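Visitor: The structure that follows is given in the form of structure tokens.
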Amino acid sequence: DQFENLDKHTQWGIDFLERYAKFVKERLEIEQTYAKQLRNLVKKYCPKRSKDEEPSEIIEARCSETVAASSE
């Protein structure tokens, strides 16, 4: 009697999770591409420095702040 209702509910849950998994995978690809493009943009506008000065992550963060501030 309730088996059909339970089956429909379970199938709906499976379908929902499959759609959600697709969404998350596509979003991940978009965000990875976006992050890569941002890193390339920072490298393009940031002056090169020697490796002795600071780690590259700090330099990139400072350059991002500088570029953002100059565009305001």
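The values are calculated or read from the model by the stated rules, or taken from the named source; none is laboratory data. Quantities reported herein were computed from a predicted structural model and do not represent experimental measurements. Every residue, glycine as well, gets a Cβ built from its backbone with ideal geometry; the counts of neighbours run over all protein chains shown. Quick note on the areas: whole protein, heavy atoms, side chains included, nothing else; ligands and nucleic acids left out. Shrake-Rupley method; radii C 1.70, N 1.55, O 1.52, S 1.80 Å.
Visitor: With respect to Tyr20, determine if the residue is of a type in the set (Phe, Trp, Tyr), within 30 Å of Thr66 (Cβ to Cβ), open to solvent by 100 Å² or more (accessible area, probe 1.4 Å) and within 27 Å of the chain's Cα centre (by Cα). Quick ask: steps written out before the conclusion?
Guide: Working: of a type in the set (Phe, Trp, Tyr): yes; within 30 Å of Thr66 (Cβ to Cβ): no; open to solvent by 100 Å² or more (accessible area, probe 1.4 Å): yes; within 27 Å of the chain's Cα centre (by Cα): yes.
No, not satisfied.
Visitor: Could you check segment 42-52 and list, in sequence order, the residues that are without any contact (Cβ under 8 Å) to a residue 12 or more places away in the chain and surrounded by 10 or more Cβ atoms within 10 Å (Cβ to Cβ)?
Guide: Within segment 42-52, Arg49 is the sole residue that qualifies.
Visitor: Is there a residue being exposed (fewer than 10 other Cβ atoms within 10 Å of the Cβ) and either hydrophobic (A, V, I, L, M, F, W, C) or modelled with pLDDT of 95 or more (or both) anywhere in segment 59-68?
Guide: Yes, that holds for at least one residue.
Visitor: Return the residues of segment 1-52 that are aliphatic (A, V, I, L, M) and touching a Cys at 6+ places or on another chain (Cβ under 8 Å); say none if nothing qualifies. Explain how you work it out, then say what you get.
Guide: Kept after step one, since they are aliphatic (A, V, I, L, M), are these residues of segment 1-52: 6, 14, 17, 21, 24, 28, 30, 35, 38, 41-42.
Val42 - this is the single residue of segment 1-52 that is aliphatic (A, V, I, L, M) and touching a Cys at 6+ places or on another chain (Cβ under 8 Å).
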